[in-house]
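The values are calculated or read from the model by the stated rules, or taken from the named source; none is laboratory data. Everything numeric in this text was worked out from a predicted model, so none of it was measured. All Cβ positions, glycine included, derive from the backbone under ideal geometry; neighbour counts span all protein chains shown. Remember, those area values only see protein heavy atoms, side chains included, never the ligands or the DNA or RNA. Shrake-Rupley method; radii C 1.70, N 1.55, O 1.52, S 1.80 Å.
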Amino acid sequence: MGKPIIRFDHASFGFPGVVALEDISLEIAEGEFVGVIGPNGSGKTTLCRAVLGLMRPLRGSLQIFDCACEELRCHHRARIGYLPQKGVLDRNFPITVLETVMMGRYGALGLLRRPGARDRELALEALANVGMQDHRDTALGHLSGGQQQRVLIARALAQQPRVLLLDEPTTGI
């Protein structure tokens with residue numbers, strides 16, 4: 001495997017009065033796939049929020065791309081693709097599938113830059129990777145829940161992330 005790009009060193013995370021994750025030591029190397037399973041409330045989303053740099057460790061440390069999580073900047077976060085737990089989408093919001101996937105390119109583009117032909121190619125390629133290329137001009141709200149989820153995965157892939165976080169709810173555990 002490649003060199004470690006995520007490094008937890010005796011890290012604990014939580015909220016006022018509650019420690020959600022305690023004393024985690026873990027290295028994840030570039031190219032490695034890691035799955036985290038557990039019942040609702042076990043800290044899976046907290047773990048994702050920590051890797052996104054949205055939570056500082058209460059104790060210990062977390063390094064992402066050789067940068068402390070509390071020092072992550074926009075160019076670091078642009079290299080992390082994230083699919084949150086399924087939320088409610090407004091079925092009447094006027095956005096197409098391709099426009100949704102193009103949103104994944106904005107973090108990589110930087111401030112005040114408009115997407116170009118290459119960005120559109122990457123978005124179309126991401127749609128093809130999830131089998132949704134034939135729906136590129138369809139309104140996002142007209143798709144089934146599973147199709148919408150595939151479009152949101154394509155949005156994360158269009159970002160060309162070095163780290164991809166898929167935060168899916170656990171059912172039946």
Across the range 26-37, which residue is most open to solvent (accessible area, probe 1.4 Å) among those that are over 14 Å from residue 166 (Cα atoms) and among the small types (Gly, Ala, Ser)?
31
Condition test on residue 81, is it small (Gly, Ala, Ser), touching a helix residue (DSSP H, G or I) at 6+ places or on another chain (Cβ under 9 Å), open to solvent by less than 30 Å² (accessible area, probe 1.4 Å) and closer than 24 Å to residue 127 by Cα?
yes
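In the list 36, 19, which residue meets the criterion of being in contact with a Ser or Thr (Cβ under 9 Å, 6 or more places away or on another chain) and more than 23 Å from residue 152 (Cα to Cα)?
19
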Selection from the range 101-118 of residues under 20 Å from residue 81 (Cα atoms) and either open to solvent by 40 Å² or more (accessible area, probe 1.4 Å) or of a type in the set (S, T, N, Q) (or both) yields 103, 106, 107, 108, 111, 113, 114, 115, 118
Reported set for the range 28-49 where residues are in a helix (DSSP H, G or I) and of a type in the set (Val, Ile, Thr) is 45, 46
Under 7 Å by Cβ, and 6 or more places apart or on different chains, what pairs join a residue from the range 134-158 that is without any contact (Cβ under 8 Å) to a residue 60 or more places away in the chain with one that is among the basic types (Lys, Arg) and open to solvent by 60 Å² or more (accessible area, probe 1.4 Å)?
141/91
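For residues in the range 119-152 being open to solvent by 70 Å² or more (accessible area, probe 1.4 Å) and touching a strand residue (DSSP E or B) at 6+ places or on another chain (Cβ under 8 Å), which is farthest from residue 168 (Cα to Cα)?
Filtering the range 119-152 for residues that are open to solvent by 70 Å² or more (accessible area, probe 1.4 Å) and touching a strand residue (DSSP E or B) at 6+ places or on another chain (Cβ under 8 Å), the one farthest from residue 168 (Cα to Cα) comes out as 137.
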Filtered residues of the range 5-27 (kept if free of Cβ contacts under 8 Å to residues at least 40 places away in the same chain and either assigned to a strand (DSSP E or B) or under 20 Å from residue 80 (Cβ atoms) (or both)):
15, 18, 19, 20, 21, 22, 23, 24, 25, 26, 27
Complete set of residues in the range 1-25 that are more than 16 Å from residue 66 (Cβ to Cβ) and surrounded by fewer than 17 Cβ atoms within 10 Å (Cβ to Cβ)
1, 10, 12, 14, 15, 16, 17, 18, 19, 22, 23, 25
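Which of the following residues is modelled with pLDDT under 90 and not β-branched (Val, Ile, Thr): 58, 122, 54, 47?
One residue alone meets the criteria, 54.
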